[in-house]
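The values are calculated or read from the model by the stated rules, or taken from the named source; none is laboratory data. Nothing here was measured: the structure is a model prediction, and the numbers come from that model. Reconstructed Cβ throughout: ideal geometry from the backbone, glycine too, with neighbour counts over all protein chains shown. Quick note on the areas: whole protein, heavy atoms, side chains included, nothing else; ligands and nucleic acids left out. Shrake-Rupley method; radii C 1.70, N 1.55, O 1.52, S 1.80 Å.
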Amino acid sequence: MHIPFCRERCSYCDFFLVTRRELQPRFFTALREETAARRAELAGKSVRSIHFGGGTPSLVEPRFLADWLHQLDRLAHVSGDAEITLEANPEDLSDRRLSELAAIGVNRLSIGIQSFCSRKLQALGRAHDGMTARQVVRHARKMFSNISIDLICGAEHESPGEWEGDLAAACSFDLPHVSVYMLTVEPGTMLARDLRNRRREVPGQDEQAAFYLMAADRLSASGFEHYEVSNFGRKGFFSRYNMGCWQREPYLGFGPSAHSLITRGTHEVRRANARSLTGYLRTPSESVEFIEELTEEAVISERVFLSLRLQAGLRLDELRSLHTVFPEHLLEEFRRRGWVEVRSSGELRLTSRGYLFADFIAQELLPG
C-alpha cells in the first residue's frame, strides 16, 4: 500500500509523494473505496505479506492504518503469521508511536536510518541526527523482534571511515535485517541539478562500488546472508515482501502510483495506478491507468533479471534451454571476472561483485 505523504522531499528522491498532510483523511477514505472495488480480486485469497510503503507511512495516524487492515481482513484472509511491514523515519518513532504501531498489528519495521553519522545525515538532508538514529533503533528493538534498517553509501564527501562506522553501528544492534543502497542520482531531482551546476559533489562509481563491497564483506562476516542485491538478512528474517516481488508472486498494489502483478490462469498482467493524488482522490475505484498483459518473452526476461538478483540464482540448464546456441564464452568471461559462479547443484548465481553488474549480466545472458 503506497502512502504518498512526506514532510518534504529529500534531494535524491524521485518517488511519487506529496507534502499536503491535511489530505490524509481524504486519502484514506479514497483508499477504502479502492479496496472495496477490488473485492473480487481479494475474495478467497490468503494474504501473507502487507507492506506499507511511501512516502513516509510512519507520518500518518495509526488509526487510519488500523481501519484499512480491518477492511482487508473482511475481504480476504490475512494469515495469522502475515508479515506486516511499515516503512518509517526515525523522527516519527516516539515510544508512544512504536506502541501504537505494535497494537494495530504491525510486526516488522523498516526504518530509514540511512546513516548513524550526523555529518552524513546533514549532507543527505535528513531530519534526524546520529544520536536519534541510535536511540530509535535501541527503543524499536525492545518492542519489535523483526526490524530492518536502510543504509545509504555515497553521500557528499563520504569517507571510508564514515561508511565503516555506519556498518559497525548497524552490526552492534544485532539486527535481523539491513538494506544497503548506493546513492543514485535520478534525473529531475534536486541532487541531479546541484551536481549538474557543480554545487555539490558525490563519490564516483568506483568509490561507491568499494563501499558496497565493504558492506557485503562486513555484514557477511557478522552473520548476515546477502540474499538479494540490496538486502542482507539473518536466517528466518528475509523480507517476505521483497522475496515475493523478486520471485514474481502475485501481489496487489493500493494507492496512487502503486503497481500490481496479477495472475489470470496462464496469463500474467502488470497494472499501475494513477501517479497523481488529485486524480486518485477523484475516482479511487477507477484508479488504474496502465495495464500490460505480459508476453512469453517478457515473462522470461523478468524471470532472468529478477532471479539473478537473488542469492538463490537461476538454474543454468533452464537458462541454456532458452537459447538455440548458448553464449558459453560470455559465461566463462563473467566467471573469469569473478562476477558469477555455478553451484554444484546447478544454479547460476552472482557474486557480491557481480551484483554491481546484475542488469548488464542478465541482459547479456538473455536470448537474442
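Here His329 sits with roughly 130 square angstrom of accessible surface, probe radius 1.4 Å.
Using a probe of 1.4 Å, the accessible surface attributed to Ser49 totals some 40 Å² when neighbouring protein chains are kept in position. For Trp68, Trp246, the ranking by accessible surface with the largest value first comes to Trp246, Trp68, using a 1.4 Å probe. Measuring with a 1.4 angstrom probe and ignoring ligands and nucleic acids, Glu332 comes out at about 90 Å² accessible. Among Asp359, Asp14, the sequence by solvent-accessible area, most first, with a 1.4 Å probe is Asp359, Asp14. Look at the dipole of the chain built from charges on Cβ: of Ser287, Gln247, Val180, the Cα furthest out on the positive end belongs to Ser287. Taking every DSSP helix (H) stretch of at least 4 residues in the chain, weighting each as -39,500 (n - 2.57) and dividing the sum by the residue count yields a mean residue ellipticity at 222 nm of -12000 deg cm²/dmol. For the chain, carbon and sulfur atoms together expose 49% of the accessible surface, with a 1.4 angstrom probe and every protein chain in place. Per residue, the chain exposes 47 Å² of solvent-accessible protein surface, assessed with a 1.4 angstrom probe and all protein chains in place.
Let me check against my output: what whole-number percent is the relative contact order of the chain, with C-alpha pairs under 8 Å and at least 6 apart?
Taking the mean separation of contacting Cα pairs over the length of the chain, I get 14 percent.
Shown are Glu333, Glu8, Glu83, whose ranking by accessible area with a 1.4 Å probe and every protein chain present, most to least, is Glu8, Glu333, Glu83. The distance from the alpha carbon centre of segment 293-314 to that of segment 4-40 is 30 Å, rounded to a whole number.
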